[in-house]
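Notes for the one structure printed next.
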Amino acid sequence: MGAVSEDVPLARLFAMAFRLLVDGLHERLAERGWTDVRPAYGFVLLALRDAPSSLRDLPATLGTSKQAVSKLIDAMVAAGYVERAVHPQDARAKRVGLSPRGRDLLAAVEEIYRELEGGWAEVLGDDRLTGLRHDMVTALSAAHGGALPAVRALG
């Protein structure tokens, strides 16, 4: 194991950790037959996890352009991960929600993340991993008025 370098910015370490986890996720998804999943799908899965959303609200939620969201939703509809429907309060608007296949994918993602975190626990120990999670929640919540912010797409 290499020496701890105190001069590596946390942002760089978090970016490396994010990439390691996302790459591991997609490798394991492919091994389990989820071969058409793109990394950007995860942001939509999280945005729709608790309830459908208006298509017009998703760009702000995801932190990206209307055009990018439209293309992403089109791809996810074609793959069967999300469904579009007429908004119940506005017939001109579209509502987007997870399909049964999308919910199955979300469940697979959460299972794989638990496995990947288990690997981190083997390296760090359960207590240190729990402490790391607690510290991250504390710092992020403090920076966002006491609650965790939404996960937003990069760029």
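Take the conditions of a type in the set (A, V, I, L, M), in contact (Cβ under 8 Å) with a residue 12 or more places away in the chain, open to solvent by 70 Å² or more (accessible area, probe 1.4 Å) and closer than 15 Å to residue 42 by Cα and apply them to residue 82. Does it pass?
So residue 82 fails the test.
What pairs come out if I take residues in region 98-111 that are on the phi < 0 side of the Ramachandran plot and pair them with residues that are at pLDDT 95 or above and open to solvent by 20 Å² or more (accessible area, probe 1.4 Å) whose C-beta lies under 6 Å away, six or more apart or interchain?
99/80; 99/83; 101/80
Quick check on region 24-46. Is at least one of its residues of a type in the set (Val, Ile, Thr) and touching a His at 6+ places or on another chain (Cβ under 8 Å)?
Within region 24-46, one or more residues are of a type in the set (Val, Ile, Thr) and touching a His at 6+ places or on another chain (Cβ under 8 Å).
Within region 10-66, considering only helices (runs of 4 or more DSSP H) that don't extend past its boundaries, which have at least 1 residues that are modelled with pLDDT of 90 or more and open to solvent by 90 Å² or more (accessible area, probe 1.4 Å)?
Once the helices (runs of 4 or more DSSP H) in region 10-66 are filtered for at least 1 residues that are modelled with pLDDT of 90 or more and open to solvent by 90 Å² or more (accessible area, probe 1.4 Å), what remains is 10-31.
Just give me the residues in region 99-136 being surrounded by 12 or more Cβ atoms within 10 Å (Cβ to Cβ), among the aliphatic types (A, V, I, L, M) and under 14 Å from the mean Cα position of the chain (by Cα), in sequence order.
Listed by number, the residues that qualify are 105, 106, 108, 109, 112.
Taking region 67-81, which residues are among the β-branched types (Val, Ile, Thr) and at pLDDT below 95?
Across region 67-81, the qualifying residue is only 69.
The values are calculated or read from the model by the stated rules, or taken from the named source; none is laboratory data. What you are looking at is a predicted structure, and each value in this text was computed from that prediction instead of being measured. Glycine gets a Cβ as well: all are built from the backbone with ideal geometry, and neighbour counts include every protein chain shown. These area figures cover heavy atoms from the full protein model, side chains too; ligands, DNA and RNA do not enter into them. Shrake-Rupley method; radii C 1.70, N 1.55, O 1.52, S 1.80 Å.
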